[in-house]
Amino acid sequence: MSGGSLYDRCAQDAAATVITAYSTSFALACRLLGPRVRTHVRSVYALVRVADEVVDGAAEATGLPAPTQRLLLDELEAETLAAVARGFSTNLIVHAFALAARECGIGHDLIRPFFASMRTDLTRTQHDDASHDAYVYGSAEVVGLMCLQIFVNAGRSTPLSPDPTLVEGARRLGAAFQDVNFLRDRADDENRLGRDYLGLQDGHRDRIAVLDRIDADLDAAARAIADLPVDCRRAVTTAHGLFAELARRLRDDDETVRVSVPTPVKATIAARALAGRPPKRSTP
C-alpha cells in the first residue's frame, strides 16, 4: 500500500470513529449505505461534528472565549477549502472530507454556507423566520446536499449535477432533521447556551406549527427517496424513519426529558427499510 493510500485510509478511519462515537442513530443508518458511498458520507459528517464542537461543545467547555472560537472556526474553514484545492491536509478529518469533496464535486458553494451558519452560533441567540431559514440552510440543508453529491457522484470520474427533485428532497430532509433537533435540544439550547432557534420563547412561532412544518418537509423528502441510487435508499429511508418517529414522539412530549427512539423501535425502522418498504408519510 502506498503512503498516500495508507494516509487516506487512516483519515477515513478517523472520520468513522468520530461518527460512531457521537451518534448511534447516524451510525446505524450509515451502516446501511452501500460501500461506494459509506466512507465519504462518514467523512462529511465527521467534519460537521468537529465544527459543531468548536461553537457548542469541547471548545466552549474549555472556557475559550467567543473570539477564540471564531478564530478556530475560521482556521478550520480555511484549512478545509485549501485541502479541497490541494488534496491534502495534516488534519485527518479535513483530509477525509477533502477526499470526498474532490471526488464528488462538493464545492465552495456548499462549504462556505455551512461555516457561515456555524459562525452565527457565536453571535446570535434569537432567531426570526429569515435568520432561522438561513441558519438551517447552512447548518443542515447543505449537509444534505453534500451527501447527495456523494450519492450521485461517488465512483464517477466526472461529477454530475443532481436532479432538481433530489436537490429539493435533500434540502427538505436536512431541514426536518435540524428542526427536530432544535425541539429535542430546546431546554439545553435555552438554558445552557441562551439560544432560541425556533422563536418559541417570544411566541414568534408555535410549537405545533413547527411540528407541522417538519411533517411537511419529511413528506416532501419521502417522495424523492425512490429516485436515489439503490445503494443509498435503505439508509436514507432509515434516517427518515428515525426522525419521523422522533417528530411523532415530540407531539406527545411534555418537554421534561430529551426525546429519543428506543433501540427496539430503531431496529424495526431499519428492518422495514431493509425489506424495501417505502418511508412512511404523515399524509397520504
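FYI, it's all coordinate maths here, none of it is from the lab. As the structure is a prediction and not an experimental result, all values here were calculated from the model. Quick reminder, even Gly has a Cβ in these numbers, built from the backbone with ideal geometry, and neighbours come from all protein chains shown.
Values as computed for the structure displayed
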| item | result |
| --- | --- |
| For region 233-239, 3J(HN,Hα) per residue [Karplus equation, 6.51 cos²θ - 1.76 cosθ + 1.60, θ = phi - 60°, Hz, x = Gly/Pro] | 5, 4, 5, 5, 4, 5, 4 |
| Trypsin sites (Lys or Arg not before Pro) restricted to DSSP loop in region 106-163 with at most 15 other C-beta within 10 Å | ARG124, ARG156 |
| Cα gyration tensor category, rounded, prolate or oblate, for region 44-180 with a/c compared to 1.5 | oblate |
| Most mobile listed residue (PHE26, PHE177, PHE243) in the chain, GNM with C-alpha springs under 10 Å | PHE26 |
| Placed amide H near ASP196: partners under 5 Å, 5+ positions off or other chain | GLN126, HIS127 |
| Per principal axis, descending, Cα span of region 138-252 in whole Å | 50, 25, 20 |
| Fewest-first sequence of VAL54, VAL143 by Cβ atoms within 10 Å of each Cβ | VAL143, VAL54 |
| Mean residue ellipticity (222 nm) of the chain, computed from DSSP H runs ≥ 4 via -39,500 (n - 2.57), nearest 500 | -23000 deg cm²/dmol |
| Relative contact order computed over region 3-274 (Cα-Cα under 8 Å; 6+ residues apart), in percent | 19 |
| Taking only Cα atoms of the chain, radius of gyration then Dmax in Å | 18.4, 59 |
| Distant alpha-carbon pairs in region 106-167 (separation over 12 angstrom), percent | 69 |
| Among VAL44, VAL265, VAL152, residue whose mean-square fluctuation peaks in a GNM of the chain (springs only between Cα atoms under 10 Å) | VAL265 |
| HN-Hα J in Hz across region 260-276 - Karplus 6.51, -1.76, 1.60, θ = phi - 60°, x for Gly and Pro | 9, 9, x, 3, x, 5, 4, 4, 5, 4, 5, 5, 4, 5, 4, 6, x |
| Label-point separation in nm, ARG112 to ALA187, each point 7 Å along Cα→Cβ | 4.1 |
| Cα-based Kirkwood hydrodynamic radius, region 24-106, one decimal, Å | 13.7 |
| Exposure proxy ranking, count of Cβ atoms within 10 Å, fewest first, for THR80, THR17 | THR17, THR80 |
